[in-house]
Amino acid sequence: MITDPLHAAVEWLIASLSYGTTSQEIRAHLAPRLTSQGNVAAYFNKSHRFAAFRSTTPVIEAFERRGSFEALVLLRAGSQQWEFDVALETVPPYLIRRFAPRLIPSDGYQWNAIASQVRSRDHFESSLPKEVAVRIHQRLIDVANTSHLVALAVAIATKGAIIHQEHLGVTDLDFLHPIDADTVFRVGSVTKMVTALGVLRLAQMGKLDLDAPAQKYLRTLELLPASPGDVPPSVAKLLLHCGGVPRDHINVRHATLVQGTRLSHISPQIVLTGPPGGRPEYSNLGYEILGTLIEDIAEEPYSAFLSREILDRYHLAASRLQDIGTSLPTSVVGYRVGEGRLAPSTSHTSAYPASGGMTSTLADLVTLALTFSEGTDPLVQAALMRTVSAGPKIRFAPGFALVDRPQGMVAWRTGAVEGFTAELHAVIGRSTAVVFLASKSPPEKFGELGAELLALL
C-alpha cells in the first residue's frame, strides 16, 4: 500500500512533538526530516509555541489539503485549538520544509458578528472602465470576506501611476475607523528589499566587494563553517540565501531584545549549517547578518544608514525601519485569525529588524514596486544581475524573487509578521505593479490574485 507522504508527515510530526518526546529523540528523529535543521532540540524546548504539545497528545480534528504537498491541519491539544501549517518537498524523501503551529484565539471577535460593520467602511477609487473596476472590487470583497480580513489595502499601478486602489475594512474593531491611503502597516520581509538595496549601495560606494567573503566586513560577528575547509560565504551568497545560514536562530528568536542589544551581542558566533553555494535555503538570520554587515561598514545604526541612503533615495517618506529594542507604531491593528475568530496581535516588534522590521503605506510600497518594475535605477539593475535558481520558473534575487509569468518577468516579494501580511508584484520593464497590505496572520497568499490582477492590464 502506498502511503500518502503528506498525511504520513503530519501524523509523524505531531507524534514527534507530543507529550514525553525528549530532546535526544527530537535530535535523532525529527532533525533529519527538516530541510533546515539548526538546533531543533533547543528550539522545541524553548519555544512557547510548543508548550501545549509537550504537556499533552494533540489530536487531528481536520485536515485541509492545499496542494499535493501542503496542508492546513486543525489540532486540539488539551483545551487549546491550533492550526498547523505543513509543507513538504516535492521529491523523496519528502523532507519537511515548513511547519508552523498557530494557537487559535479562544476569545476576541467573531467574524460573523462584525463583518457587516467592517464592510460598511469599504471604499475604492479607479480610473479603469467601470465594469472592470467593479469586477475587481467585488473580487477583493470576496477575498476579504472569505479570509476574514479586517483591513485590506490594494493598489494597481501602471505607467508610473496608481489606476485602481481599494481601502477595505477598518483600522481596528473597537473604533471601526476606515483605512485610507495613509494607513501604516507592518510589512515583514518586504524589509529585505531595502536591506539588499543598502548592501548594493555600499558596493556602489566602493565600500565592499559583493564577491568577497562577508567575514571580511563583519567586525562584530563571526561566521563558523559547518565543516572544516568549507569556503566562507560571500556577501552575494548571503543576499541570495545561498550562504549556508540557518533560517532562524534560537538565541535571537527568544532573547529579550533591549535597546542596544544587537545580533553580535546575543550570538557573536553563527554556526553555518552547510557549505555556501548549495541550493538556496531562505534565511531570516542571513538578512540580519547583512544588517550587521551594514552597521559594521557604515559605522552607524542600520536604520540610520538605510533611511538616508535608500528610503530617502526612493522617496519612501512614510516608511520607517525598526532598530533593535524599539517598536514602530502602526495606524492599523494586526489580527490573528482562526476558525472565524479574531484576536489583536500582541507582537509589535521584530526579532530581526533587518529582515522584517519595516512599516510602510500602500503608496510607498507602490513607489518601491514601480522602481523595480521600471528597472532603470542602478541599484535595481545590480540586483537583477544577481540571481540563482530556486525552483521551476523562479529565481532568488537580492531581497526578492523573480517569477516567470505570462505578463513577463515579475519581481515578487511577500512579507508576514504576526498580525500583518504584505505582498508586491512588479512586472520588470513594464512599469506595472500590484501591491497588497492586510492586517492578518497567518499570512494571506496573494500570489494567484496578484497574477489575476496583472492579467487584467
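Let a ≥ b ≥ c be the square roots of the eigenvalues of the Cα gyration tensor of segment 360-457; is it rounded (a/c under 1.5), or, if not, prolate (a/b larger than b/c) or oblate?
Values: a/c = 1.42, a/b = 1.37, b/c = 1.03.
Verdict is rounded for segment 360-457.
Just want the answer: with Cβ charges of +1 for Lys and Arg and -1 for Asp and Glu, which residue in SER439, ILE394, GLY340 is farthest toward the dipole's positive end in the chain?
Positive-end residue among those listed: ILE394.
From the phi angles alone, apply the Karplus equation (6.51, -1.76, 1.60; θ = phi - 60°) to segment 167-176 and give each ³J(HN,Hα) in whole Hz, x where the residue is Gly or Pro.
These are the phi-based 3J(HN,Hα) values: 10, 9, x, 9, 6, 6, 8, 7, 10, 6 Hz.
Please report HIS7, HIS167 as a ranked list, fewest other C-beta atoms within 10 angstrom at the top and most at the bottom. The partial results should precede the final answer.
Details: HIS7 14, HIS167 22.
Least crowded to most crowded, the residues run HIS7, HIS167.
Give the lysines whose C-alpha is closer than 28 Å to that of LYS192, dropping any in the same chain fewer than 8 places away, or say none.
LYS46, LYS159, LYS207, LYS216, LYS237, LYS393, LYS440, LYS445
Roughly speaking, what is the stretch gain from LEU224 to GLN138, that is 0.36 nm per residue apart minus the C-alpha to C-alpha distance, in nm to one decimal?
Roughly 25.7 nm would be gained on extension.
Could you order the peptides 186-197, 222-233 from most to least packed, using the average number of other C-beta atoms within 10 Å per residue?
On the way: 186-197: 27.9, 222-233: 13.5.
The most tightly packed comes first, giving 186-197, 222-233.
Kindly work out what percent of the DSSP beta bridges joining two residues of the chain are antiparallel, to the nearest 5.
Among the beta bridges of the chain, antiparallel pairing accounts for roughly 95 percent.
Rounded to the nearest 500, what is the 222 nm mean residue ellipticity of the chain from helices alone, with -39500 (n - 2.57) per DSSP H run of 4+ residues and division by all residues?
The helix-only estimate for the chain comes to -8000 deg cm²/dmol at 222 nm.
DSSP H helices in the chain with Cα extent of 24 Å or more along the helix axis and mean Kyte-Doolittle hydropathy at least -0.5?
Details: long enough: 130-147 (25 Å, -0.14).
In the chain, the long hydrophobic H runs are 130-147.
For the chain, what value does the Rg/Rh ratio take when both radii are computed over Cα atoms and Rh is the Kirkwood radius, given to two decimals?
My calculation puts Rg/Rh at 0.95.
Take LEU95, LEU402, LEU200 and order them by how many other Cβ atoms sit within 10 Å, fewest up front.
Starting with the residue having the fewest Cβ neighbours, the order is LEU95, LEU402, LEU200.
FYI, it's all coordinate maths here, none of it is from the lab. None of these values were measured; they are calculated from a predicted model. When we count neighbours, we look across all protein chains shown, and the Cβ atoms used for this are built from the backbone with ideal geometry, even at glycine.
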